[in-house]
1. What 222 nm value per residue comes from the helices of chain D, counting each DSSP H run with n ≥ 4 as -39,500 (n - 2.57) and dividing by all residues, nearest 500 deg cm²/dmol?
2. Taking only DSSP H segments of four or more residues, each worth -39500 (n - 2.57), what value at 222 nm results for chain A once the sum is divided by all its residues, to the nearest 500 deg cm²/dmol?
3. When Cβ neighbours within 10 Å are restricted to other protein chains, what is their mean count per residue of peptide B:155-168?
4. Mind running the shape call on the protein assembly as shown? Use the C-alpha gyration tensor, a ≥ b ≥ c as the square roots of the eigenvalues: rounded below 1.5 for a/c, prolate if a/b tops b/c, oblate otherwise.
5. With 10 angstrom as the radius, rank A:134, D:80 by how many other C-beta atoms surround their C-beta, starting from the fewest.
6. Given an 8 Å cut-off on Cα distances and at least 6 residues of separation, report the relative contact order of chain D as a percent.
7. Pick from C:286, C:261, C:115: which is most flexible by mean-square fluctuation in a GNM of chain C where alpha carbon atoms under 10 Å apart are linked?
8. In a Gaussian network model over chain B where Cα atoms closer than 10 Å are linked, find which of B:219, B:211, B:195 has the largest mean-square fluctuation.
Ligand SMILES: Nc1ncnc2c1ncn2[C@@H]1O[C@H](COP(=O)(O)OP(=O)(O)OP(=O)(O)O)[C@@H](O)[C@H]1O
Ligand SMILES: Nc1ncnc2c1ncn2[C@@H]1O[C@H](COP(=O)(O)OP(=O)(O)OP(=O)(O)O)[C@@H](O)[C@H]1O
Ligand SMILES: [Mg+2]
Ligand SMILES: [Mg+2]
């Protein structure tokens, strides 16, 4: 590997020849990595490449099967996350790890609350420190609000605040931006730069390459758990990086096929849900991909939930192919040909303890039956069929999905719903936490589906994705539809303007 | 959550203050709901029978609640960590007998109580070790130890029994005595209760119990010594069950191999009525204690009102369901309140 | 005739129960040795039954046979008791002495046992008559019921409100006694006494405790309580002795001297009564052996000698009476230890 | 870890094996066990637990629990006795009792699904309530004079075989339950609900409806058990079957049903039920005191959860060692 002698100081934290297996899966094979103070280091790789496993090893969550962790050049063994934390390593894990019943303030300071006399907790100080952190991130979250019910994005923010509160020497972030919109990402990067300039070492994981290029100095690439390269980013192009990750050249990221929209497949009229969104009306036609953009918390997910029938709507109508859907009944929505790929894959998309086969099978309970009994053969082939179609990376179709990497889990969710061959497909953050390669596949899939006459409603906080894929862009702001912009005049500016409620 | 446009100063203070008050109010209400039910019940009874709140009457109310309050407090701690201890009844029984046997041999009451507590701690540790180290479902394990301890108890006790005659007079008098209407036993229970509540609210260890009940995986990642905490919770629960055993002996002056059997359901009911949820992470020991007070009082109220004992059980059950329902409706109100605030923020 | 085509209580009335025991009794038959007699109390670990079964064991030994005791750990585990009857049947004991938790529940199993010519004696509480060969009664229900009322009446000077603290509502013997108490109270000499309530403590210390409290709160000028159950009287005494009612509210009923000694001495209780459980057990054992030896069959009028206890005659429905209960008070209580 | 291993260490199979071993040993070594009469006793006395264990297993798999089953049984028994005393015909009484069970189940189900209350809490409440109502209905009576035709059916056995009459209907019910849980979409959805309720809802599974059905069926079966109990023991009392819920729970747990929901098989549960039944029978025959029997039950329960865990760790360790030498799994290997 190119040893960066130019970076001057010795690495704060280094991995040497790390290997880690889970049962039959070899997540990491002889991986090495060096983190230097005052630099932001990117960790790139496809879904399942081993990024999260690597950082979990750094954080003392996993014990490596082989290899060693060096802190300031001296080998250390972390017996648990506590050890790593005490060594000054702060970690933002890929999946938010909050205590739903505790207040945001407690979530952030759990285990190290400011103390008063007799080691009693100083609640006031805790609250104030939290407010300070929130201001630093430029967000407004009530420190006393319990974490339960926070949107994915809000949860991610709390995680970031938690990591910052350590003033750690090493800050590790596993896809912190996956759930965030541009402006929030900008804020985050501001803070990260400040930390870097104070001499902290930062390890940054993201599937949004532009982010990597924006903030990182060097990048380490993994492929199938093996170390590929560690090198400076300047002089590299996105394509170079992608080639490193995927090992081949990448097809176009937004392969949008032009189609002439057919008749209306999904029609939403004056949909309203007290206190969350109001008077939302729109149509989606066959073959059309409609983007639904907006700031986090705009209510997009809530709209999707209400349309699909997860939440009861207080007012309004939803029609699929002219069939009016009963209020609050997902089963009838499915029967009508509606499918929803939800935002939170762990809680809503997948039953984490069930196998890949069974998870995909769940949406087919009505179809893979013979004489009222399950037709196991049909169930399995249906699941295998789609798992392969979407190139899910797994050891056995009978493995539980919680052994899959984030991105592969997302693919299983997609498989599960595409298997129902829907007429109307609503996808909420379909590519959140998915690597470029897969992203391109998902996009290809979506536009393929559209081409085949499926009506697609795509909720996404990833603006380029919306602009790249959507025929029309709907924009929500504080629970209202504020704009409908045709593909031709949809730009970052127009959309953001409508999303922040400034113009439009 | 919103993104404050650059330049605009984040107006955090206003909503925070408001929110704080709201949340606090609402969460206090969870206990308030039970307290209300309790007070109404007492009032009605007093109206129907003026003798009810006589000095003797009040004393009896408190005495009856004491033992259940203690055990429920311990149980609450365990339930908060998303576990449960079904073996408390057996533990209470066996430690009561141990203390009794010791006193029968002319032992010193203080030592006897200590003995009971130690025995409780022992069994608490056993449960704690099985659950935290063995990492096996608490329900099964403690149901197992419920049987084991009960069995060992009845083999050891056989047909022997401790009667008031075997106990030093001072011990028995202590069991029924008190300062005017406030029994000594109740004071002990209250002290334990307040101390526990304070610890849970104001000490790191206490908060960590809530944390790991709320999300065990996250607790591990936050570097909380999960096993240690769970072990501590069970030990404490066992200790209180042991203490309760000693007090039972003082109170009823009578212990045999059946003492405390079937108690687990009562305790769990008290905790549930008290608004401590079984999915862990929420609820308070005050709630549990109120639940205990409510349950035991029902058993005094109905006879005092002359309700035929045939009805007691049914009314008990219905009240139990009602109490939970009320609590639930309050909880729902909390949720909707939060959602509304959410929307305001958005 | 079946009502609306179904089987009703009426139809069943005519289905007579099969006579318990046939065969001819031979009073002079030799007492068999080497028999196995199984005792099945309502509940093992229960002090009362333990002393009863001890008495039984002593007798069985004397008669040169083998004694064994089995039983459930809970006094309400009828199913458990049934399966113990089955177990004894399987083990081919020669006779069993059973204290039935339920008059009906054990019938099928007991008949099954008798069909495998095992002699069945019930003691302390009976089953339906056709489900056993003989019932050894601790004292005629009548004696008990009436004497307890008399005891209390003397203590409260034949006037004032009284209450009864019983065990489980379903306890057969309790209920028969209570019937006789009510009947006794009809006598004009009790005209100033009023039975205000029957409370049930389910033979559970804590419940009996709270029931007593309830009684006293509900009837502030209650003068006396009768508790015809050892658990109940003990709990009531414990509550009274720790409350302001000590000595003011009289308490009597059925209790064991060892349980009650303190309360008699500290003046909470003047007098109470009980038969000697050991004797009850002994008589049950001797009856069982007599049956197994063919000296009796359980028919009314048959007589047999129960060792030192003297001669007993079988009354109607195969009931054998132990005799009058003993009254315990400060004077004599120290002469007893059970 | 590989399927072979997972299957090898599945606890329900272990329990099944254990049951067989116990039976074989008892046949050969315990006299009085093997004969038809005793076996019929064994089965007869275990049937009530087994009957309730059927719906309870489904309920637990879907992540809920019903502790009021014993009280429901007691209530239906009490009502049966009361109506019988009224002189109503048994043929009308029994359906009424079953209907009552359905109502009891519905009440539990509605409280849980509509108000979203935790089933543990609700059913502890109704446990007291139903038993209390039973006490009000029948008071201190003990009704014993049911028609002998029915008593014989409930207590008797087929000729001199070890098979009680009541065992045959049970087998039918068992078959139905097994199919329902393991071979129908309904059963599949229960596992999904138990393991991830929200995800199940997002997959269009009608969670509340399924749960309501389960609670209702549980009520029905409990009532049936109550009727059977009253006839089997020829005694209808308000306190019939008291404490049965713990025995059921214990047996089901022993059978390897995970109370967090989403795991377990009916085979395991029923094996657990009869394992406990057989052990108690044998121990009684061997003059093991009731107290010691309690201890044994407890130890078994603890082992039932420690056992599989230890096995799993061993398995994982082995798999780990194998992986070290295994070729790295490239993208899909859809053959397993
Ligand atoms: N707990 C686990 N048990 C079994 N296998 C696991 C476990 N955690 C991860 N794996 C496997 O290890 C490999 C690497 O997973 P990891 O989460 O590190 O990938 P990743 O690079 O973080 O992917 P993504 O970008 O989607 O988050 C994957 O094949 C995954 O299936
Ligand atoms: N599962 C949930 N429970 C409670 N409140 C939620 C939940 N999800 C989101 N919210 C809140 O409801 C409001 C709308 O959130 P929602 O997720 O619909 O917005 P969104 O535009 O979809 O944002 P995101 O990009 O996170 O999906 C926000 O205030 C959010 O905090
Ligand atoms: Mg990852
Ligand atoms: Mg969303």
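1. Estimated from H runs of four or more residues: -25000 deg cm²/dmol.
2. -9000 deg cm²/dmol
3. That works out to 5 on average.
4. The shape class here is prolate.
5. The most exposed by this proxy come first: A:134, D:80.
6. It rounds to 34 percent for chain D.
7. Fluctuation is largest for C:115.
8. Evaluated over chain B, the most mobile residue of the options is B:195.
Where a number appears in this text, it was derived from the coordinates with a stated rule and is not lab data. Being a predicted model, the structure only gives us computed values, none of them experimental. Don't worry about glycine lacking a Cβ; one is built from the backbone with ideal geometry, like all the others, and counts go over all protein chains shown.
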